[in-house]
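Have a look at the structure below, then the notes.
The values are calculated or read from the model by the stated rules, or taken from the named source; none is laboratory data. Every value quoted in this text rests on a predicted model; they were computed, and no experiment measured them. Ideal geometry is used to build each Cβ from the backbone, glycine not excepted, and the neighbour counts take in all protein chains shown.
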Amino acid sequence: MDKLVKYRSFIKQLLSQYSAQDLPRNNLDVQLIFDEQRDHYQWLNVGWQGSNRIYRSIVHFDIKEDKIWLQQNLTDLNPAEDLVNLGVPKDDIILGLHPPFKRPYTDYGVA
């Protein structure tokens, strides 16, 4: 299987699994965004809590230059480690949620 196809599949699998635990609440929807053309993948909460608008990206991945970028993680889950457990090499995972100067000190890829 092509690496890009495999990475897309892993990301969609994880986001679907994670978001299944986030039950919809009154006026607040759980959304999954899978943009395979531009390789952006997100789990969102969208809606209202009282008079407050909620538009929150819970987990966000991008694929750029054959690397998986973890852009956002507002959970206690460890998506990077879950990707490794699925077979993604650590060098192919970029923790984009960390500033570039910190990335060399992680166990993951740098860009």
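Counting just the residues of the range 1-32 that are closer than 15 Å to LEU70 by Cα and hydrophobic (A, V, I, L, M, F, W, C), which one comes out surrounded by the most Cβ atoms within 10 Å (Cβ to Cβ)?
Per the criteria, the residue is ILE11.
Would it be correct to say that LEU44 is surrounded by 12 or more Cβ atoms within 10 Å (Cβ to Cβ), modelled with pLDDT of 95 or more, more than 19 Å from TYR108 (Cβ to Cβ) and of a type in the set (A, V, I, L, M)?
For LEU44, the condition - surrounded by 12 or more Cβ atoms within 10 Å (Cβ to Cβ), modelled with pLDDT of 95 or more, more than 19 Å from TYR108 (Cβ to Cβ) and of a type in the set (A, V, I, L, M) - is met.
Looking at the range 92-111 only, could you name the residues that are closer than 22 Å to LYS6 by Cβ, at pLDDT 95 or above and outside any helix (DSSP H, G or I)?
If the condition is that a residue be closer than 22 Å to LYS6 by Cβ, at pLDDT 95 or above and outside any helix (DSSP H, G or I), then ILE93, ILE94, LEU95, GLY96, TYR108, GLY109 are the ones that fit.
Do we find a residue being small (Gly, Ala, Ser) and free of Cβ contacts under 8 Å to residues at least 12 places away in the same chain anywhere in the range 11-22?
Taking every residue of the range 11-22 in turn, at least one turns out to be small (Gly, Ala, Ser) and free of Cβ contacts under 8 Å to residues at least 12 places away in the same chain.
So how many residues does the range 81-96 have that are surrounded by 15 or more Cβ atoms within 10 Å (Cβ to Cβ), hydrophobic (A, V, I, L, M, F, W, C) and over 10 Å from LYS67 (Cα atoms)?
Step one: of the range 81-96, the residues surrounded by 15 or more Cβ atoms within 10 Å (Cβ to Cβ) are 82-84, 88, 92-96.
From the residues that got through so far, the ones that are hydrophobic (A, V, I, L, M, F, W, C) too are 83-84, 88, 93-95.
Those still in the list that are over 10 Å from LYS67 (Cα atoms) too: 83-84, 95.
The number of residues fulfilling the criteria is 3.
Being more than 14 Å from ASP22 (Cβ to Cβ) and polar (S, T, N, Q) is the requirement here; does THR75 meet it?
In short, no.
What number of residues within the range 64-80 are under 12 Å from the mean Cα position of the chain (by Cα), surrounded by 13 or more Cβ atoms within 10 Å (Cβ to Cβ) and either more than 11 Å from GLY109 (Cβ to Cβ) or without any contact (Cβ under 8 Å) to a residue 60 or more places away in the chain (or both)?
10
Which residues, counting only those in the range 37-58, are out of contact with any strand residue (DSSP E or B) (no Cβ under 8 Å at 6 or more places or on another chain) and within 16 Å of LEU70 (Cα to Cα)?
Selection gives ARG38 alone.
For the range 47-63, give me each residue that is crowded, with 18+ Cβ neighbours inside 10 Å and over 19 Å from SER9 (Cβ atoms).
GLY47, ILE58
Six or more apart or on different chains, Cβ under 9 Å: which pairs go from a residue in the range 28-39 that's closer than 16 Å to PHE10 by Cα and in contact (Cβ under 8 Å) with a residue 12 or more places away in the chain to one that's polar (S, T, N, Q) and not in a strand (DSSP E or B)? Could you list them?
Listed pairs, sorted by first residue: LEU32/SER16; LEU32/SER19.
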